[in-house]
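Encoded as structure tokens, the structure appears first; notes follow it.
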């Protein structure tokens, strides 16, 4: 079974308690359980640590954010990324060759979505013979305690228009993203259910 | 006759000399002449002063940038804008009522395209019952001496996606923009020619 939630740690307290309750009951069942998230502001390790502190009985291997899936794609296709991501996500890419980039990865970079950084990502893309843009999600916006914030999808659309290309989305609701989770479970699509 | 150029002052020197030569020859003819530009980083007055310093024999009333056209639309429709524009353009809107905004205007804001400012423009739009977004152009990018820069169209697309709406473009190649210039000349479309 998939449990999909986006940045549960940013949700309201009541919803979070509900999620923890649901997760405990599912853990008691015989079902295989995986957690899919579009969280791209922290490494998987740090994100899971945060969930554990909030009361979730959860391990790193059960959680599927977009960044590790993106790294698998980079390895498969021999691509070296220019990163426009949140500082908290950078360590996830420590072992990735980023010299002479031949693609761009955009995540929910928040404060790093500056005019300078967007121009830089654009210049990398427009300078490539075959520009490849990966987006770690396609969300429009989300709510934080201090108000609504633009999400990664908005900046994906900006770069798509600038370079007249279509980004490859890695994360929910991309079928290839869900397939990578199925592969981990050793199951077919008709053998699982999801809350999303 | 229309002469259309985008930010001539940012072009290479050879092209600028050529434009000045063309403009002088046209001035010597009997043709009515108007200059259409998508310049949105300065007021019309300051932009024309810059062109005059560069050698153009040109007056403010001959030059048509998007901002004055936008102000005419605001007046017609009783709209009060939230501005996401370049600091150099702000004085153009000095006399415009910007209290309790019921629309957003985005221009080539350059350094003002910060994460904070984009979030703010988005929050204004998403908070409106009938969100209205005006974009002073739809360019993808342009070249400056220090490299390629993302243009207003890219940020227009970002806000369009965020709010699931379609912006109203004021500037080239919008037919209503050209119509405002025709009105000024007292001519019909089949009575003019353009270099664009």
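The values are calculated or read from the model by the stated rules, or taken from the named source; none is laboratory data. Values in this document were obtained by computation on a predicted structure and should not be read as measured data. Cβ: placed from backbone, ideal geometry, glycine included. Neighbour counts: every protein chain shown.
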Query raised in the report: Looking at region B:31-40, which of its residues are in a loop (DSSP other than H, G, I, E, B) and in contact with a helix residue (DSSP H, G or I) (Cβ under 9 Å, 6 or more places away or on another chain)?
Result: B:32, B:33, B:37, B:38, B:39, B:40
Report task. Could you tell me whether region B:70-80 includes any residue that is more than 28 Å from residue B:186 (Cα to Cα) and in a loop (DSSP other than H, G, I, E, B)? Result -> yes
Query raised in the report: Can you name the condition, by its number, that residue B:183 falls short on among (1) outside the structural domain of residue B:70 (by TED's automatic domain parsing); (2) touching a strand residue (DSSP E or B) at 6+ places or on another chain (Cβ under 7 Å)?
Result: (2)
Query raised in the report: Hey, among the residues in region A:72-94 that are under 30 Å from residue A:23 (Cβ atoms) and at pLDDT below 95, which one's surrounded by the fewest Cβ atoms within 10 Å (Cβ to Cβ)?
Result: A:72
Query raised in the report: If you take the residues of region B:41-66 that are out of contact with any strand residue (DSSP E or B) (no Cβ under 9 Å at 6 or more places or on another chain), outside any helix (DSSP H, G or I) and in contact (Cβ under 8 Å) with a residue 12 or more places away in the chain, which of them is farthest from residue B:110 (Cα to Cα)?
Result: B:57
